[in-house]
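The values are calculated or read from the model by the stated rules, or taken from the named source; none is laboratory data. Worth saying up front: this structure is predicted, and the values here are computed from it rather than measured. All Cβ positions, glycine included, derive from the backbone under ideal geometry; neighbour counts span all protein chains shown. Areas reflect the complete protein model, heavy atoms only, side chains present, ligands, DNA and RNA absent. Shrake-Rupley method; radii C 1.70, N 1.55, O 1.52, S 1.80 Å.
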Amino acid sequence: MYRTHDCNSLRKIDIGKDATLAGWVHVSRDHGGVIFIDLRDREGLTQVVFRPEENATLAKEAHTLRSEDVIQVAGKVAPRVPGTENSKLATGEIELIPNQLRILNRADDLPFPIDAEIHNEDLRLTYRYYDLRRPELSRNLRIRHRAAKATRDFLDSQGYLEIETPILSKSTPEGARDFLVPSRLMPGKFYALPQAPQQYKQLLQVAGVEKYFQIAKCFRDEDLRADRQPEFTQIDIEGSFVTPDDIFKLTEGMLFSIFKATRNIDIKTPFDRMTYREAVGRFGSDKPDRRFGMELVDLSEDFRGSSFKVFRGALDAGGVVKAINAKNFASLTIGQSDDLTEIAKTFGAKGLAFIKVEGGEWKSPIVKFFSDAEKAALKSKLKIEEGDLILFAADKWDVACEVLGRIRLRISEFQKLVPDQDVWDFLWVYDFPLLLWSAEENKWNAMHHPFTRPKAEDVALLEQKEKFPEIRAEAYDVVLNGVEIGGGSMRIHEPQLQAKMFQALGVSAEDQQSMFGHLLRALRLGAPPHGGIALGLDRLVMLICGAESIREVMAFPKNNRGMDLMTQSPADVDPRQLRELAIKPASEKKAKSDAAQ
Ligand code: ASP
């Protein structure tokens, strides 16, 4: 037996008992020949004290111990010397006086100290097996486990079956690039790793499973922006004969269980709901952070007859004039002001008009163009007071909203508007547009994915291209504190409607058959009405843990270049492996083309 207790279990009532502990030397201190060891395992710390006067040989051996050596100690639980108790430690009233020490393994020089904050993330990821010993990370893994378990228990209680779907699957058009896996048995052909089990979970509904879920690995070969990973985990759910209300209720219940199990918090359900139009119109985002105000105010009606050309021009072109009031921010720095202008330009505005309210005056190059009535409207609608900064956007609705939405978020960072204490603001955003125009590809794309149902009232609009922007989808996202933590929709279960949707997306009849033949056939065999949702487990656990990045809640994440620094992957492979797959190594191809030149 390696141990009788873990390192977080001995207390005052155990004084006098024998105990055996095993773990890592967290810290060792030599106080005039007396060796104090903080022994650590995943549960916590226990102080172990080797006194030469009690056991000289043992104390001598203990003297050789270094941080992260793995040891086993057996001895008696004793009270700490009065005055040396540590109230911050659960085991702080006792210590272990060993009569046996076994060194189970020595640790080499350490890549970095375990109890310090390390800012070099690449170094941490290279030694991830060591980094994970840090208490915060071990806590995060535990919370993640609790979240996954609560998910399974809750969904099981609702009759949902956990069903695995293939990892070697077929390319699905979820929007991102696929990771491809070459087939050796069928040279020249490829599997794709699933971006999400979307088609499989729908096919399981055709199969009569009715209630499916999976904690599913998903793979997307995207350029790694900010906090993305090439592989991540979804809580994937699909049900038959369900309405959006059913999915909302199920998701709320599941999130309630997850928060209870991980943080012992009773989150407020049901969550508020907001249409996409309202969310974007009021907050400039389809994932509004409502923990602070600074809402977008529409001024279009007030400036319809304005002599200020910039506003009037935008309105005449069918756009809008909107503004936000950043309270007490008239004193922003030049750097901050440049930053906001840069954001406006990045998101499509030509510039950023503003008014600073200082010394009782409206300081701005544009105020001179405003009539008294316009000024009065501004003052009352934006509740303008001394010290305020008013920022405007005059553009197409979506551009104006996005620009002000992004600026609103940046100002909230500058002004630290998000409260420190735990606020869990959940929100459903629904009635998303079905289709999105891609100027780049010169075609309509599905905003969610091609299997999402248009709202019954809007189905007829699929016949009229000019009405495409107005078609609403039976789709929804669940948002927490301004972060999208999940999204889903009711699906198309009629083959004719699915074909029409593909047509709207510019998928030819031939491609429909080659790419989606299986789905269209399945829909013809009595597919029930169905729908579902998928939640990003990594992001959800990150928010629950209060972590800064999803990498902090994944055991072995890739770095921001998509590399696993620990195993040095991606890596070269043996040319023989490539030959078996009928793939030419890049070096061979290069040699050939060099020879040809
Ligand atoms: N499969 C979708 C996604 O990953 C979610 C869903 O529609 O259920 O975004």
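Annotations
- Accessible surface calculations at 1.4 Å, restricted to protein heavy atoms, place the range 455-576 at 44 Å² per residue.
- Using C-alpha pairs below 8 Å separated by at least 6 residues, the relative contact order for the range 148-294 is 20 percent.
- The heavy atoms of residue 4 present about 70 square angstrom of accessible area, all protein chains included, probe 1.4 Å.
- When only alpha carbons are used to place a centre, the range 443-481 and the range 499-546 end up 13 Å from one another.
- Anisotropy class of the range 39-93 from Cα gyration tensor, a/c 1.5 cut: oblate
- Alpha-carbon centroid distance for the pair the range 99-157 / the range 325-369, whole angstrom: 46 Å
- Contact order relative to length of the chain, as percent, for alpha carbon pairs under 8 angstrom and 6 or more apart: 13 percent
- Residues whose placed amide H lies under 5 Å from that of residue 162, excluding near-sequence neighbours: 213
- Relative contact order [Cα under 8 Å, 6+ residues apart], the range 38-102, whole percent: 39 percent
- Student exercise, the chain dipole from Lys, Arg, Asp, Glu Cβ charges, in Debye to nearest 20: 560 debye
- Cα-based shape type of the range 367-494, given that a ≥ b ≥ c are square roots of the gyration tensor eigenvalues and the cut on a/c is 1.5: oblate
- Taking all protein chains as shown and a probe of 1.4 angstrom, residue 145 keeps an accessible surface of around 100 Å².
- Furthest towards positive pole of dipole, 183, 145, 545, structure part the chain, Cβ charges: 183
- Our note on the geometry: Cα centres of the range 28-69 and the range 202-256, 50 Å apart.
- The chain, accessible surface, carbon-and-sulfur percent (1.4 angstrom probe): 52 percent
- Axis of helix 509-523 versus longest Cα principal axis of the chain: the two differ by about 70°, to the nearest ten degrees.
- Solvent-accessible surface of protein heavy atoms, probed at 1.4 angstrom with all chains present, puts 382, 224 in the order 224, 382, largest first.
- Overall form of the range 458-593: oblate. Here a/c, set by the Cα gyration tensor axes a ≥ b ≥ c, is 1.5 or more, and a/b is not larger than b/c.
- Pairs from 260/327; 375/455; 17/88 whose Cα-Cα separation, in the structure shown, is over 31 Å: 260/327; 375/455
- Entry comment: accessible area of the range 76-143 is 60 Å² per residue, from protein heavy atoms only and a probe of 1.4 Å.
- Residue 209 accessible area, assembled protein chains, probe 1.4 Å, Å²: 40 Å²
- Residues 368, 322, 381, 88, sorted by accessible area with the largest first, give 88, 368, 381, 322 [1.4 Å probe; ligands and nucleic acids excluded].
- Of the residues 318, 384, 331, the one whose Cα sits farthest toward the positive end of the charge dipole of the range 301-428, with +1 on the Cβ of Lys and Arg and -1 on the Cβ of Asp and Glu, is 318.
- Cα long-axis angle, helix 244-263 against the chain (0 to 90 degrees, to the nearest 10): 30 degrees
- Sequence-ordered 3J(HN,Hα) estimates for the range 484-499 from the Karplus curve with 6.51, -1.76 and 1.60 and θ = phi - 60° stand at 6, 9, x, x, x, 6, 7, 9, 7, 10, 9, x, 5, 5, 4, 5 Hz, glycine and proline given as x.
- Degrees separating the helix 586-596 axis from the principal Cα axis of the chain, which is the longest one: 60 degrees
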